[in-house]
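Computed from the coordinates by the stated procedures, all read-outs in this text should not be read as laboratory data. From a predicted model like this one, the values you see are computed outputs, not experimental measurements.
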Amino acid sequence: MNIVNQLTDPNFLMAVFAAISAAAVVFTFGAQFFDRSELKGRIRRVALEREKMRAIEMARLRGQEDKRTSRRTEAKGYMKSLVDKLSLTQALSDEKTIEALSQAGYRGQGPLTTYLFLRFVTPFVVFALAFVYLAVVMMPNRPLYLNALYAMTIGLAGAYLPTIMLKNRVIKRQKSIRRAWPDALDLMLLCVESGMSIEHAIKRVGKEIGDESPELAEEMTLTTAELSFLEDRSRAFDNLGRRTGLDGVRSVMTALIQSDRYGTSVGHSLRVMAEEGREQRMNEAEKKAAALPPKLTVPLIVFFLPVLFIVIMAPAGIKIASTGAFSSLMGGG
């Protein structure tokens, strides 16, 4: 009976409920402290895992770059010594030269040294070959000073040969990237709308687009690596636009930079840019179709009209020849 009275005593019940409340408060605060320590451990594990993924990505990128550019990344010793002795880096290169090399797919100090060496040596090589050809084969009876003057002119023109070859390389690379960029943009839009982050979307699209454009896949892989180790993400996007040198890619990268800076929807930005890319592609196709009739005028006159005249007049000529009318006319004349 004493136990029952004690359990039904209001003071005892109030004390029990107060003790339970105090224990709940202590447990709640203590659990938060324990969860914080567990959260620190999770953050530490995530950071370590990210560092591992970053190291793996950089190793894979270096392996791809070594396979693709192993023959063009390292300059010969004599090239480097000549460039350093004559200070060709200050004389023949600037920011546009480095940007043009990156747009052509040549990155690093080695390709720059090779390019500067070729720009310096090519005029002398072209002059020597032209002089030998003019003096021995083409104009052996002319005076040597005249052949040397002609060869010097050819050598000065040959000084632009490395620049022309570099520009041709840039044009071919940009053509490949421009052709595959709309498809890559659509794939990026699909990846982002499916829930992927922009880093994983670029990485995934870089793997998928390699069969269509290895150049674009290389640039997107490099952008993925830069996004993993650069502190400012906008630098990675800006570097992609600068390396390609295409207005379409730069506009998309600008939209991604603004989305990352102001917190707007990346999917909406990519959707707008994809629609603009399709419209631009259609306008280019219409422009080529509109320019086709003037281009066909000369082939039509040179190749089709003579054949048409032959087809129209040949039966009449054959009939006249078979009846002997042509022979009688000639005889009568």
Karplus (6.51, -1.76, 1.60) ³J(HN,Hα), θ = phi - 60°, over the stretch 98-111, in Hz, Gly and Pro reported as x:
5, 5, 5, 5, 5, 5, 7, x, 9, 10, x, 6, x, x
Using only the alpha-carbon atoms, what does the stretch 250-289 span along each of its principal axes? Please give whole angstrom values in decreasing order.
41, 16, 7
Answer rounded, prolate or oblate for the stretch 120-165, using the Cα gyration tensor with square roots of eigenvalues a ≥ b ≥ c: rounded when a/c is under 1.5, else prolate when a/b is larger than b/c, else oblate.
prolate
Compute the Rg to Rh ratio over the stretch 77-159 from the alpha carbon atoms, using the Kirkwood formula for Rh, and round to two decimal places.
1.14
What ³J(HN,Hα) values, in whole Hz, does the Karplus curve 6.51 cos²θ - 1.76 cosθ + 1.60 give for the stretch 168-185 when θ = phi - 60°, with x put for Gly and Pro?
5, 5, 5, 5, 5, 5, 5, 5, 5, 5, 5, 5, 9, 5, x, 5, 5, 5
Calculate one ³J(HN,Hα) per residue across the stretch 116-133 by plugging θ = phi - 60° into the Karplus curve 6.51 cos²θ - 1.76 cosθ + 1.60, and present them in order as whole Hz with x for glycine and proline.
5, 4, 5, 5, 7, 8, 4, x, 5, 5, 5, 4, 5, 5, 5, 5, 5, 5
